[in-house]
Amino acid sequence: MAWACIMPEELSIVPRGLVCLANLDTRHQAVHRSIWELLDKERANVPLRYRLVDIDEQYPTSKAKRATYEWYVPKGILKTSWMHKHLHLVPSLVVIFFELDWNDPLFKEKQTELKNNIDLVRTNLDGRGAAISVVLLQNKNSFPTVDDVYSSERDQMANTLCTYFDIPKRSLCVLPVLPQPDNLSAWIDRLEQTFIESSQNYYMNEIRRVKKHKETLNNITHQLLHIRHQFKVGFFSELKQDIPSAVKSYKNAYSYLIDNARIHDTNILEMKIIAGFLNYKICRISFELSQPVEAINHFRRHADIFKSKTGPVDLAFEHKAWLSKQFQTFADLFTRCPLAIQTQHPGFYYQESAYQSMARKQIAQTTCRRIEPTDFDPNEFLKPTEFYGQRPWRQHHQSMEISDAQKEREAIAALRDAESRVNHSELIISLLVQAITHFKKHSSNRMKLYLMYNLAEEYASSKDYDKALNYYNHIVQAYRTEQWWPILEAILPSALKCAYLSANLQDWIRFSLEILNPNIQLSSQIKNQTQTNLENLIIKNLAPQVEPTVSANDDKWKALLNKQPIVIDADTFKGLLECKVYFTHDAVSVDCDITLQVALKNGFPLPIEFDQLLVYFNLKEYDDLANVIDVEKLKFSPNEQRILTFNFTPRGDHVQRTLEITSVSLIYGKINQTHIDFQWRTSLQPNPSFQQGPLTPKWQIKAGHILWENLPIRRKTNVIMRAAEVQLTVEHQLPVLLYESYPIKIHIKNCENVDIQSAVLTCICSNTDENSSTSDDTFLFYATADSNSETTTNICSMTFKTINKDTEIEQDLYIRCNNNRSREIIIRLSYERLNLHCMKEILIPLTVVNPFSIQFQTMGMMMEPLASLRAQEPFILMIDTKCISTIPITIVSTNLKPSQFIISECAIESQINNTQLKQDEVVTEGFCLRTQPIATPIVQNLLVGEYSLYWKRSSHPDIPKLCTTFSLSDFNVEQQQVYVEVSIPNNVPLQEPFQINYRIHNRSNIVHEYKINLEQINLIVAVCGSTMTSLLVPPHSSSDVNYTLVATLCGFVQLPKFKISMIRPPTQEIDESIDRTLPTHIFVVPSLKNS
């Protein structure tokens, strides 16, 4: 229907001003060819289109201009040749290229030749307002420079040429490109600007000329001229690149057509086609200006206005064809817009275009028929017309009356004949495919499925059944997965008929099974007939029976009835045939039978008889042990459920292996003929029927009927060793203490009815910390004597020669852990019984903790904390031991081993032997030590020694004691220049003289002179004699100062304060810390004389 769906190519081209280039010899002249290639190449936003022409090119002749339109009656709106003429034939500018230098010796002759060429072009333009420009191709050396003394002369020559040629001065251009061009692209860009200016001036004049006619038009007889002139103004504005003015003119023309123009059956096609042109222009410009909302709103209004303007009833298909084209062209425009969203994208418009084409097809099938050539020649009514949208048999006819009714009837018959020859399905399929593409792009899956159904129906209508089946399969699978049963009810009959007509056996069987699904609520007659056809095909090898309206296809079907297995994934047909499998036990001993129950549920509407049931396992040795070939056991009534039980013995070499059902097959039909193999598999579907269900001990039955949803599923069972008839228990007390020999007592009781021979007890450590990278941090042994053996590992075993019947034996196990991570101990007893391996094991989780923590600090002789030690001075090392475990521990003894830098002031003996500690209890001991001389003023990180703690768990005194050794390091030692050593009695009698000796040590390399003063604080302790003196001490020597004192009061009294200061050398000072090392009080007791 080309006359109704017309969308000329010129309408979709972006208008650009036409410039004709004359006298360019691109074939023989390289410079000419370079100029043409630069102008003709594709460039963005170039407003001109160039065309090569000969100098004598004939242009379309210009019509005589009317002085007035008063008595003029228009024949139509827009001629079919008008847009093509102004886009490709009528130039806005003709550019004549000519090689002419200013100093050419033949300048006069060439000037005359060029004048003749200009006159020829002007004559061929036949009065059109196109401008003429001249481009002189000159030698580069003759082109004037800035300081050229002849430039004024050449300007005068150029002016003379312009006058001689009768062209404006701006229309004469010079290109210095001979003999070889330099920087030609820049010259062409400058030249093109003059072309653009001249072209736009031409189109501006054309717009003014058209607008002048508006004043002489009236709204009664010149309605078509109003629309025509507005369209021309808009088109010329586009050529001028004045887009706002163009869209304004198009909108004015569209509004005038809608509001003022008379539309009736004789001119409705012309009005709709011109309205479609205007709508296309408005929408295209709106999209180009990034105004998609404006374009969408205008198109919706356009569609709403003309949707009801059907036109002649006999040509209703023509209206549908026009509507379909409108939606299609708008969708094509919309695809260029990057702003499409899920709720507004081209797919909706392609969809509506397809639906309009479907309506067109339906009308054509009911009203259109082909005519015999003997009646009349239909081609006479299908000839091209002068104006868009007019009828070939009544061109220029604007009256509402039909002058020749017989000719009108013949023309309508010819149009119907042409319509009957149109391949509508091809149009519909193309539109639906484009719509599906956009809906898929915007993730609209439901709309995509709906359109795929329409596409399948259209393929089936065009008898392309194979492509239709591809879409039907996809649609049925998607809707079945989402359980849209009402939609499937509408689709499946068509899909089944398509599968029959294409003789596709597998798809026909699949669609038949889909129809038989109890969830599909089709009539019982259809379901019964479908199952009967399926039975006739599989059991009796008869072709399916179809409706009388469907053409028989028996020959193709008979060729398919050979041996052909049809595999059906039964997991997808939930409700029609369902299967559940259940191993009665999660694990089966190798000396017991495996019990497997297979439940089948039939959903066929009629009784059905299957041929075989086959169960397949991951261990192929069991494949033949759970099969049914008895047909009587496989006869099912409608909605019947049946449970089949199988018992078989596991093989001895399958111990510690998993037996798993991989698939179940139910065969319908003879295995040596065409048959259906219903298969349930575990890995083919995301939601397979084999799911891990609740492990119930038996089938749940209510009122004598099996509740299918309550049937459990267990498709795996483990084959395990024969259960050992022994009792294996342990006694131990957590937590485990780090480094100890943790005791566990193992009890083994023989519950077999015979003695157990050669039983092996194995203990293994299993790491629970996945980050642990070593396996040698746990040691197991059966005797404490082996605790320090190099052969101890994280596994140990022993063999019991005989364990008598009903006898219980005990075995000690000791575990030593070398870090604090958690771990598990596996205790396993294994032996042979009746040629079967028997095993019993238990798992013991262990938590390991530190038994105690150690803190140590150094103190001065006056029990003051020391930040650092002083060389050759005594100090006290205090060590605190705290129990941090919940298990009491016993400290057997301790030992301090001083380093080579430390000497002991007295014998080192343990002060906390055999001390028991409970949780959070602390025991302390101290040692008086002295540092050796040092060679430097400060020594850092000095090692004091090693402290060894011998301990064990209090609850097991027979366990050997453990030794934990701590390194006493990180002490700093300073060398002091002066050290004062005091000798004082522990206590003194009241009012009896006693002496205090102060020994001053000089540990420097020079002589020191000190000033010493014993300052009297009170009269409680009086000083006898002088209290102030000076003392000279040689290097590395000492001197004594003695004082006699008398106490006058009993108790712990304060001593006079000893002060020492440096006299020589005067630059050194005595450390104030010496004062903290001197005694400040003494204990005074009553005198024996007074008592």
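The values are calculated or read from the model by the stated rules, or taken from the named source; none is laboratory data. The model shown is predicted, which means the values in this text are computed figures rather than measured ones. In this analysis, Cβ positions are derived from the backbone assuming ideal geometry, glycine residues included, and neighbour counts consider all displayed protein chains. Heads up: the accessible areas ignore ligands, DNA and RNA and are worked out on the full protein's heavy atoms, side chains in. Shrake-Rupley method; radii C 1.70, N 1.55, O 1.52, S 1.80 Å.
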Can you confirm whether segment 484-499 contains a residue that is touching a residue at least 60 places away in the same chain (Cβ under 8 Å) and more than 22 Å from Met447 (Cβ to Cβ)? no
From the list Ile884, Ile903, which residue is open to solvent by 40 Å² or more (accessible area, probe 1.4 Å), modelled with pLDDT under 85 and of a type in the set (Val, Ile, Thr)? Ile903
What are the pairs with Cβ atoms under 8 angstrom where one residue, in segment 1048-1067, is within 27 Å of Pro1034 (Cβ to Cβ) and the other, located anywhere, is of a type in the set (Lys, Arg) and assigned to a strand (DSSP E or B)? Sequence gap at least six, or different chains. Ile1060/Lys1011; Ser1061/Lys1011; Met1062/Lys1011; Ile1063/Lys1011
Answer from Glu270, Glu294, Glu318 - the residue that is out of contact with any Pro (no Cβ under 9 Å at 6 or more places or on another chain), charged (D, E, K, R), in the same structural domain as Trp393 (by the TED database) and in contact (Cβ under 8 Å) with a residue 40 or more places away in the chain: Glu270
Give Ser1030, Ser1004 a once-over and let me know the one that is touching an Asp or Glu at 6+ places or on another chain (Cβ under 8 Å), over 14 Å from Pro1056 (Cβ atoms), among the small types (Gly, Ala, Ser) and assigned by the TED database to the domain that holds Val1041. Ser1030
Let me confirm something: among Thr799, Thr807, which residue is open to solvent by 80 Å² or more (accessible area, probe 1.4 Å), farther than 18 Å from Glu824 by Cβ and at pLDDT 80 or above? Thr799
Tell me yes or no: at least one residue of segment 509-526 is free of Cβ contacts under 8 Å to residues at least 24 places away in the same chain, assigned to a helix (DSSP H, G or I) and buried (at least 16 other Cβ atoms within 10 Å of the Cβ). yes
Pairs under 9 Å by beta carbon, first residue over 13 Å from Leu942 (Cα atoms) and open to solvent by 30 Å² or more (accessible area, probe 1.4 Å) in segment 863-874, partner assigned to a loop (DSSP other than H, G, I, E, B) and of a type in the set (A, V, I, L, M, F, W, C), six or more apart or different chains? Gln872/Ile934
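So that you can scan it fast, the table gives a plain yes or no per residue for (1) touching a strand residue (DSSP E or B) at 6+ places or on another chain (Cβ under 6 Å); (2) in contact (Cβ under 8 Å) with a residue 12 or more places away in the chain; (3) of a type outside the set (S, T, N, Q):
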residue: Asp25; (1), (2), (3): no, no, yes
residue: Ile35; (1), (2), (3): no, yes, yes
residue: Asn45; (1), (2), (3): no, no, no
residue: Glu57; (1), (2), (3): no, yes, yes
From the options Leu175, Leu114, Leu137, residue that is over 22 Å from Glu57 (Cα atoms), of a type in the set (A, V, I, L, M, F, W, C) and surrounded by 18 or more Cβ atoms within 10 Å (Cβ to Cβ): Leu175
For segment 839-852 the number of residues that are surrounded by 12 or more Cβ atoms within 10 Å (Cβ to Cβ) and assigned to a strand (DSSP E or B) is 9
State all residues of segment 411-423 that are of a type outside the set (A, V, I, L, M, F, W, C) and open to solvent by less than 20 Å² (accessible area, probe 1.4 Å); if no residue qualifies, say none. Asp417, Glu419
Turns out the strands (runs of 3 or more DSSP E) fully within segment 891-956 with at least 2 residues that are touching a Leu at 6+ places or on another chain (Cβ under 8 Å) are 902-904, 922-931, 945-953
Phe195: open to solvent by less than 20 Å² (accessible area, probe 1.4 Å), touching a residue at least 24 places away in the same chain (Cβ under 8 Å), farther than 30 Å from Ile412 by Cβ and under 57 Å from the mean Cα position of the chain (by Cα), yes or no? yes
Take Glu380 and decide whether it is touching a strand residue (DSSP E or B) at 6+ places or on another chain (Cβ under 8 Å), within 28 Å of Ala413 (Cα to Cα) and touching a residue at least 24 places away in the same chain (Cβ under 8 Å). no
Report yes if some residue within segment 70-80 is in a loop (DSSP other than H, G, I, E, B), under 30 Å from Arg262 (Cβ atoms), touching a His at 6+ places or on another chain (Cβ under 7 Å) and open to solvent by 70 Å² or more (accessible area, probe 1.4 Å); otherwise report no. yes
Exactly one condition in (1) assigned to a strand (DSSP E or B); (2) closer than 30 Å to Leu1078 by Cα is false for Met861; which is it? (1)
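One line per residue, one yes/no per condition, for (1) outside any loop (DSSP other than H, G, I, E, B); (2) at pLDDT 90 or above; (3) closer than 24 Å to Ala499 by Cβ:
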| site | (1), (2), (3) |
| --- | --- |
| Asn562 | no, no, yes |
| Cys579 | yes, yes, no |
| Thr595 | yes, yes, no |
| Leu600 | yes, yes, no |
| Leu606 | no, yes, yes |
How many residues are open to solvent by less than 40 Å² (accessible area, probe 1.4 Å) and either assigned to a strand (DSSP E or B) or among the basic types (Lys, Arg) (or both) if we restrict to segment 581-593? 5
Tyr472 versus (1) in a helix (DSSP H, G or I); (2) open to solvent by 20 Å² or more (accessible area, probe 1.4 Å); (3) among the hydroxyl-bearing types (Ser, Thr, Tyr): which is the lone unmet condition? (2)
I'm told Gln342 meets every condition in (1) modelled with pLDDT under 90; (2) farther than 30 Å from Pro244 by Cβ; (3) in contact with a helix residue (DSSP H, G or I) (Cβ under 8 Å, 6 or more places away or on another chain) except one. Can you identify the failing condition by its number? (3)
Taking Ser1039, is it polar (S, T, N, Q), loosely packed, with under 13 Cβ neighbours inside 10 Å and closer than 30 Å to Glu974 by Cα? no
Can you tell me which of Ile436, Ile363, Ile429, Ile402 is open to solvent by 60 Å² or more (accessible area, probe 1.4 Å) and either closer than 26 Å to Ala331 by Cα or in the same structural domain as Lys325 (by the TED database) (or both)? Ile402
Matching option when the condition is farther than 19 Å from Ile934 by Cα, touching a strand residue (DSSP E or B) at 6+ places or on another chain (Cβ under 7 Å), aliphatic (A, V, I, L, M) and not in a loop (DSSP other than H, G, I, E, B), among Val973, Val982: Val982
Members of segment 623-679 found to be assigned to a loop (DSSP other than H, G, I, E, B) and in contact with an Asp or Glu (Cβ under 9 Å, 6 or more places away or on another chain), listed by number: Ile629, Thr649, Pro650, Arg651, Gly669, Lys670, Ile671
Here's a check for you: in segment 1000-1015, which residue that is more than 15 Å from Ile1070 (Cα to Cα) and in contact with a Phe, Trp or Tyr (Cβ under 9 Å, 6 or more places away or on another chain) is most open to solvent (accessible area, probe 1.4 Å)? Glu1015
